[in-house]
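Peer 1: Here it is, the structure, as structure tokens.
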Ligand SMILES: [Zn+2]
Ligand SMILES: [Zn+2]
């Protein structure tokens, strides 16, 4: 792939060899050893536990804590995130967060978004790390706040020794303790690394290509329940790009987001605090906004659009009501903090349920533009 000037970016041999060799070794050695020797139950258990520890350190730690500051964490929790995040071999938390903040700021901009989905599946999944693309150079001015975090800077400084110890030393130690040295090393060391790499990379590739856009149609980020299962909750990516500072990605209670559940539990245990949540009304407002945009587009593009005059009229009325509700809500919210009168709270709740009803009515109207 070429950069802006049309030149092919130089190969990054460290990452290319690391990804290629670990993938090839896992694809050959893991089945070969399994066929001739078999794996102990301990090897599988360590594999499962370490995949979870790596993935959750990236999603709850690198992503929701460091890149988005969606809550505050106790130093003990930070140490766990930084150790197991380094084990996932995705760079230091500082550099990871720097790249990710640029991804949010310049989403889909092929020259600036480090893993822009506009450059194709391969590029956004892994290709962006295999060459020295100008868009991939970390901009440290985006992480000034993180540079004041002592633990995080310690991980950044000693990233290589920590990553090597966690990837080689820890699996060997666990293997020795379990009496299945090579079995644990191959499953919990090698296979775990490759699996957790690609599960995380799906967030940049598949979660920008496959799924729905309920909150915002203007970028490539999508909500997909299946990807949420593979990525420990990060598959609700359309919501996430809309409300990145919310500690939840799957915002509905039934959406599969183990990272949000883990952060809530840490909150209950006193290891996390100031968990940020977007007000429910704003979420409903975004849903409706997207519905209106979709309905307008569908009406404008429909081959029999002349027959939908009555629908156009109904949608215009709904939109007018929507604008009024939003205006009243914003005005009431301004007084909300100092005013604790229950009448005000009751009216706010009323406005919230008004939007919910509108969402349902819009769904029915939209179904008629088929
Ligand atoms: Zn994204
Ligand atoms: Zn993000």
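The values are calculated or read from the model by the stated rules, or taken from the named source; none is laboratory data. Everything numeric here is computed off the predicted structure, so don't read it as measured data. Glycine also receives a Cβ, built like all others from the backbone with ideal geometry; neighbour counts cover every protein chain displayed.
Peer 1: Report, ordered by the first and then the second residue, all pairs with beta carbons closer than 7 Å, sequence separation of six or more or different chains, a first member in the stretch 229-246 that is assigned by TED's automatic domain parsing to the domain that holds residue 200 and in a strand (DSSP E or B), and a second member that is near ligand 2 (Cβ under 10 Å from one of its atoms) and at pLDDT 95 or above.
Peer 2: Partner pairs satisfying both residue conditions: 236/249.
Peer 1: Another question, then. Across the stretch 247-262, which residue is surrounded by the most Cβ atoms within 10 Å (Cβ to Cβ) among those that are within 14 Å of ligand 2 (Cβ to nearest atom) and more than 19 Å from residue 356 (Cβ to Cβ)?
Peer 2: 249
Peer 1: Residues being closer than 20 Å to residue 168 by Cβ and loosely packed, with under 15 Cβ neighbours inside 10 Å: count how many of those fall in the stretch 17-31. Steps first, answer last, please.
Peer 2: Here is the first cut: in the stretch 17-31, the ones closer than 20 Å to residue 168 by Cβ are 17-30.
Now drop any that are not loosely packed, with under 15 Cβ neighbours inside 10 Å, which leaves 17, 20-21, 24, 27-28.
Qualifying residue count for the region: 6.
Peer 1: Please specify each residue of the stretch 211-238 satisfying the condition of being touching a strand residue (DSSP E or B) at 6+ places or on another chain (Cβ under 6 Å) and either within 12 Å of ligand 2 (Cβ to nearest atom) or within 16 Å of residue 68 (Cα to Cα) (or both).
Peer 2: Once the filter is applied, which keeps residues that are touching a strand residue (DSSP E or B) at 6+ places or on another chain (Cβ under 6 Å) and either within 12 Å of ligand 2 (Cβ to nearest atom) or within 16 Å of residue 68 (Cα to Cα) (or both), the stretch 211-238 yields 236, 238.
Peer 1: Related question: Filtering the stretch 83-112 down to residues that are assigned to a loop (DSSP other than H, G, I, E, B) and within 15 Å of ligand 2 (Cβ to nearest atom), which residue is nearest to residue 150 (Cα to Cα)? Break it down into steps so the answer makes sense when it comes.
Peer 2: So the first thing to find is which residues in the stretch 83-112 are assigned to a loop (DSSP other than H, G, I, E, B), and the list is 88-92, 106-112.
Those still in the list that are within 15 Å of ligand 2 (Cβ to nearest atom) too: 90, 106-108.
Values: 90: 20, 106: 28, 107: 30, 108: 33 Å.
Filtering the stretch 83-112 for residues that are assigned to a loop (DSSP other than H, G, I, E, B) and within 15 Å of ligand 2 (Cβ to nearest atom), the one nearest to residue 150 (Cα to Cα) comes out as 90.
Peer 1: Tell me, which residue of the stretch 113-138 that is over 16 Å from the mean Cα position of the chain (by Cα) and within 16 Å of ligand 2 (Cβ to nearest atom) is modelled with the lowest pLDDT?
Peer 2: Going through the qualifying residues, I end up with 138.
Peer 1: Could you figure out which of (1) under 24 Å from the mean Cα position of the chain (by Cα); (2) modelled with pLDDT of 95 or more; (3) away from ligand 1 (no atom under 13 Å from the Cβ) isn't true of residue 171?
Peer 2: All conditions are met except number (1).
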